[in-house]
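Below: the structure, in structure tokens.
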Amino acid sequence: MRERVPGGVRSAGGHGRAREGGGLWLLLAGVVALAAGIAGGWAYARAGASGPDVVRDVTVGWAFAGAGLVARWRRPANRTGQLMVAEGLTWFLGNLQGTSVPVLFAVGAWGEALNLAVLAHLFLAFPDGRLTTPLTRRVVVSSYVLVAVGGLLRVLTYDPSLDGSATYLTCGACGPNAFLVHRDPALFEAIDLVYRWVGAGLTVVTVVALIRSWRASCRARRRALMPAWISVVVASSLVGWEVFYVLAPGLLGPGEEAVALLSDLSEIAVPLAFLVGLLRMRLRRSAVGNVVIEVGADPTPRRLQDVLGRLLGDPSLRLGLWADEARAYLDPDGRPLRHTRPGAGLSVTPVGSPGSPSAILVHDATFDDDRELLAAVGASVRLCLENTWLRSEAAMRVRESRAVNSRILEAADRERQQLERDLHDGAQTRLVFALMALRRLDAGLSDSSDARLRNAVAETDRTLRMALEDLRGIARGIHPAVLTREGLGPAVTALAEQAEVPVVVSVEPRRYAPLTESTAYFAVCEALTNAAKYARAGAVRVSARHDDGWLVVEVADDGVGGADPARGTGLRGLADRLAALGGALRVTSPVGGGTRVRVELPCA
Amino acid sequence: MRVTVTEDSVLLREGLVRLLAEEGFTVAGQSEDADELLRLVDEVRPDVALIDIRLPPTHTDEGVRAACTIRERHPGMGVLLLSQYVETGSAVRVMSRDPRGFGYLLKDRIADVYELSDAVKRVGAGESVIDPEVVARLLRRRRAESTLEELTQRERDVLALMAEGRSNEAIAQRLVVGGKTVETHVRNIFTKLGLEPSLTDHRRVLAVLMHLQG
């Protein structure tokens, strides 16, 4: 059974620990971000930035840090929050170049582009918080290496007093650079140029990787990515406009300020959009509670799969049920699932006991970090499946017991038929023969004068005929021969012919299974007996017809009514016999309004 | 008159054979199942074949089916069916094609030598014989649907005898009335039931039975 366990059976342990340490982490990160913002803003202002510029700069940094803290708080298992906080902190790193402390200037100059590397990391890891493809891992590692090595080489040759335009700060009074080891403007320019071009190249690769990941995403994933990418696209295009304005000032006149404002706002919106994307995925967890409601009265695997796919926004979601015979997980169409192991953006979540999951969910890897969501989905699926299994088991039990019951009734029916035949072949034949012998005796005595003897013969003749009549009645009660031979119609007609009450019969000429016929026949017997015995009926109408897989027999009289199937063994026994065959008995008998007995029997 | 006897109970078969022989019939052969019967009638060509409805192997309607086969193969041959129970359906069904020389008797009747030999003779002579009990049943059922309400008691008696396959003379004899009276009753019955009046005896039995059968 071990081979049934697909990869990635999860334990909740790590998740729990993440949550316990979460509070302290959030507090510390918040304090650091606050301090970094204040320090960064102060340094930025010291480097000559205008008031609005400082406010914008601090707001964007804090927006990243704040959104990251919320993300970390709401989705502790997802590393996106940490990355956003890191982005918020590194955002201010470059501003350190505005201080007059040489070491801080050097660190600021070295890490000026670190926030861009973190941003690439954040974009590429979103929304899972992990880098899932080799390409994205390579891009991110290259970015960090570029900042660490390239940034260091650059800062080793960077003298701010010689080149004031090498940073985004208007750096008249920046520095000095504590890390400066070799003052050579030409070398610096060369290093700086290579550094920027490699950075631009990595940016292009990042964009390509993002486009590829978008195209490979399922709908659920795209929905999560959507707000983030929209904000990024808007922000980059507005920044592009701003650059355009800087390059060609006054071209569009007073629009400049509006574009600058929108650009600032859109930059602030980026981290918020990332947060929204992240939390939107989380909202689905509450939707999972609706699975049981949505699946409702139709808990088939197909419906369950559709509902889950819709609620999670993952149409690629597949539900596989373990089939012992096939030794495989089968999809709702009964075909073996193709992917039962994680990979290629898909994840597998087992449902049921960890050792031998009774079902698996194959779904987009987007949900992997949200273990609570997966646990909720698993619980819902298990609930629905158990419901289905219990239901089908109950239905199977009912079918089984019905089959057993009808076999018992069939056997009893055959025994009665045999008994009737034995009576016919044995006792009845012997009685007829005895009558014949008696007739011959009577003929021999015709000229005898012994009146007592002849009376005795006549008496014996009468007794024998009565015995024959009795026997015939008994045999008919056991199982009427005409039923076997000619079916329900003639048998009911024969019953009607002997009834004490006038009976009108309309029975469709059609044969049914022997047990169905005999059950219907005895039902009519019972109803006719009741009509004659208790109902004081003047007329009875018997009908039998085939109606869409059911034999429907109705016996209606015009008697006193008031019959109660709960009392009296006749109707009770009839109801039991019908129930055993999956049929139904309905007795309508208002006092003074006649009695209508309706019998329904399933038939092919 | 040559007869064959088909009955799976040895006891009863031998009783029947002895009884018929004593009544002056020639028992040309006996058999205990339908296949044997069909070979037998092909071979000995009896005037009347006496057949139990229930025969091996299934003891259901082997006798009825054998009777139909004989009447197809040997149209002039009389067939007298013996039944343990009154089953109006099979009786009417077998004779519906051609009621001539067909009889249906309840088994009890064979105890009465007169009734049995009378029935065999009538069937042998091409008449129809329907057991009075069958007719009584049909009449009772018909009364339930109240189509016979208009008939007088005497007319009902005549109707019953007609249904049994009796001729006008036989009816007159049985009811101890004149032939003219019987004819009048018959005419009235036919009018009241809306039946075609000018029918021969055997056509008449069928018409009456079919009417009663509904």
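All of the numbers you see were taken from the coordinates with simple rules; none came from a lab. Predicted model only: the values in this text are computed from it and were never measured. Using ideal geometry, Cβ is built from the backbone for each residue, glycine included, and neighbour counts are taken over all protein chains shown.
Please give the net charge around A:Ala45, taking every other residue with its beta carbon less than 11 angstrom from that of A:Ala45, where Lys and Arg add +1 and Asp and Glu add -1. Intermediate results must be reported in sequence, preceding the final value.
On the way: positive: A:Arg46; negative: A:Asp53, A:Asp57.
Around A:Ala45, the surrounding residues sum to -1.
For the range A:575-604 and the range A:374-423, compute the distance between their C-alpha centroids and round to whole Å.
Using only Cα atoms, the two centres lie 22 Å from each other.
In nm, to one decimal, how far is the modelled label at B:Thr26 from the one at A:Ala39, with both set 7 Å along Cα→Cβ?
The two pseudo-label positions are separated by 14.0 nm.
Most exposed first by the Cβ proxy, i.e. fewest other Cβ within 10 Å, how do A:Val181, A:Val276, B:Val92 rank? Each step should come with its number before you reach the end.
On the way: A:Val181 8, A:Val276 16, B:Val92 19.
Going from least to most buried by this count: A:Val181, A:Val276, B:Val92.
Quick one: if the Förster radius is 30 Å, what FRET efficiency do B:Arg154 and B:Gln213 give, using the C-beta to C-beta distance and rounding to 0.05?
Values: r = 23 Å, r/R0 = 0.76.
It comes out at approximately 0.85.
Highest first, please rank the peptides B:45-56, A:141-152 by the mean number of other Cβ atoms sitting within 10 Å of their residues.
Values: B:45-56: 23.8, A:141-152: 16.9.
For the peptides B:45-56, A:141-152, the packing ranking is B:45-56, A:141-152.
For B:Asp61, A:Asp184, what's the fewest-to-most ordering of other Cβ within 10 Å of each Cβ? Walk me through the numbers on the way to the answer.
Details: B:Asp61 22, A:Asp184 12.
With the sparsest Cβ surroundings first, the list reads A:Asp184, B:Asp61.
Helix A:451-478 versus the longest principal axis of chain A: what is the Cα-based angle in degrees, 0 to 90, to the nearest 10?
10
Compute the distance in nm between two label points, each set 7 Å from the Cα along the Cα-to-Cβ direction, one at A:Arg130 and one at B:Ala125.
Label-label distance for A:Arg130 and B:Ala125, simple model: 10.9 nm.
If one takes the longest principal axis of the Cα atoms in chain A, at what angle in degrees, from 0 to 90 and to the nearest 10, does the Cα axis of helix A:429-444 lie?
It is inclined by approximately 10 degrees.
Could you tell me the distance between the Cα centroids of the range B:74-90 and the range A:99-118, to the nearest Å?
120
Which whole-number percentage describes the relative contact order of chain A, with Cα contacts under 8 Å and a sequence gap of 6 or more?
Numbers: 875 pairs, mean separation 54.4, N = 604.
Value for chain A: 9 percent.
If you add up the charges near A:Leu152, with Lys and Arg at +1 and Asp and Glu at -1, over every other residue whose beta carbon is less than 15 angstrom from its beta carbon, what do you get?
Numbers: positive: A:Arg154; negative: A:Glu112, A:Asp192.
Counting the neighbours of A:Leu152, the net charge comes to -1.
Would you mind checking which residues have amide H under 5 Å from A:Ala328's amide H? H placed 1.01 Å from N; only 5 or more apart, or other chain.
Correct list: A:Ala323.
Need the C-alpha centroid separation for the range A:39-93 versus the range A:122-161, integer Å.
Measuring centre to centre over Cα atoms gives 18 Å.
Kindly write out, for the range A:40-53 in residue order, the coupling ³J(HN,Hα) from the Karplus curve 6.51 cos²θ - 1.76 cosθ + 1.60 (θ = phi - 60°), rounded to whole Hz, with x marking Gly and Pro.
x, x, 4, 5, 4, 5, 5, 7, x, 6, 6, x, x, 4
On average, how much area does the Cα convex hull of the range B:2-130 cover when viewed from any direction, in nm²? Don't skip to the end; give the middle numbers.
On the way: hull surface 25.8 nm².
Seen from a random direction, the Cα hull of the range B:2-130 projects 6.4 nm² on average.
If each residue of separation counts as 0.36 nm, what is the full-extension length gain between A:Ser316 and A:Ser161 once their alpha-carbon separation is subtracted? All intermediate terms of the calculation are to be shown ahead of the outcome.
On the way: separation 155, 0.36 × 155 = 55.80 nm, distance 5.93 nm.
Result for the pair: 49.9 nm of gain on full extension.
Would you kindly state how much longer the chain becomes between A:Ser50 and A:Arg382 on full extension, computed as 0.36 nm times their sequence separation minus their alpha carbon distance, in nm to one decimal? Could you put the intermediate results ahead of the total?
On the way: separation 332, 0.36 × 332 = 119.52 nm, distance 6.06 nm.
My answer for the length gained is 113.5 nm.
Per residue of the range A:310-325, what does 6.51 cos²θ - 1.76 cosθ + 1.60 with θ = phi - 60° give for ³J(HN,Hα)? Whole Hz please, x for Gly and Pro, Karplus curve as stated.
Calculated HN-Hα couplings, in order: 6, 5, 8, x, 10, x, 7, 4, 10, 9, x, 9, 5, 10, 4, 4 Hz.
Once phi is turned into θ = phi - 60°, what whole-Hz ³J(HN,Hα) does the Karplus curve with 6.51, -1.76 and 1.60 give for every residue of the range A:126-131, x standing for Gly and Pro?
6, x, 6, x, 10, 8
Lysines near B:Lys192 by alpha-carbon distance under 27 Å, same-chain residues fewer than 8 away left out - which ones?
Output for B:Lys192: B:Lys180.
Tell me which of B:Pro75, A:Val181, B:Val129 sits at the most positive position along the dipole axis of the protein assembly as shown, charges placed on C-beta atoms (Lys, Arg +1; Asp, Glu -1).
A:Val181
Pick out, from B:Pro56, A:Val587, A:Val101, the residue whose Cα sits farthest towards the positive end of the charge dipole of the protein assembly as shown, with +1 on the Cβ of Lys and Arg and -1 on the Cβ of Asp and Glu.
Most positive-ward Cα: A:Val101.
Using a cut-off of 10 Å between beta-carbons, work out the net charge of the residues near B:Ile130 (Lys and Arg +1, Asp and Glu -1, B:Ile130 not included).
Numbers: positive: B:Arg166; negative: B:Asp131, B:Glu133, B:Glu164.
Once all neighbours under 10 Å are counted, the net charge is -2.
Can you list the residues, at least 5 places off or on another chain, whose amide H is less than 5 Å from the amide H of A:Ala359, using H built in the peptide plane?
Here A:Trp322, A:Val351 satisfy the definition.
Place a +1 charge on the Cβ of each Lys and Arg in the range B:2-130 and a -1 charge on the Cβ of each Asp and Glu, then give the dipole magnitude about the Cα centre in debye, rounded to the nearest 20. Could the numbers behind the result be given before it?
Details: 16 positive and 23 negative charges, 87 e Å.
So the dipole magnitude of the range B:2-130 works out to roughly 420 debye.
Obtain the nm distance between the two label points defined at A:Ala394 and A:Asn290 by a simple spin-label model: each point lies 7 Å from its Cα along the Cα-to-C-beta direction.
Placing both labels 7 Å along Cα→Cβ, they lie 2.7 nm apart.
When ranked by the protection proxy of mean other Cβ atoms within 10 Å per residue, highest first, what sequence do the peptides A:459-471, A:539-551, A:74-86 form?
A:74-86, A:539-551, A:459-471
Arrange the following residues from fewest to most other Cβ atoms within 10 Å of their Cβ: A:Glu415, A:Glu554, A:Glu325. Don't jump to the answer; show the numbers that get you there.
Working: A:Glu415 12, A:Glu554 18, A:Glu325 6.
Taking fewest neighbouring Cβ atoms as first place, the list is A:Glu325, A:Glu415, A:Glu554.
If packing is taken as the average count of other Cβ atoms within 10 Å, what order do B:1-7, A:558-564, A:528-534 fall into, highest mean first?
B:1-7, A:528-534, A:558-564
Mind listing P(r) for the range B:134-213? All alpha-carbon pairs, 5 Å bins, whole percents.
Pair shares across the bins are 3, 17, 30, 29, 17, 4, 0.
Consider all pairwise Cα distances in the range A:368-509 and report the whole-number % of them above 21 Å. Write down the numbers at each step before the final one.
Numbers: 6986 of 10011 pairs.
So the pairs more than 21 Å apart make up 70 percent of the total in the range A:368-509.
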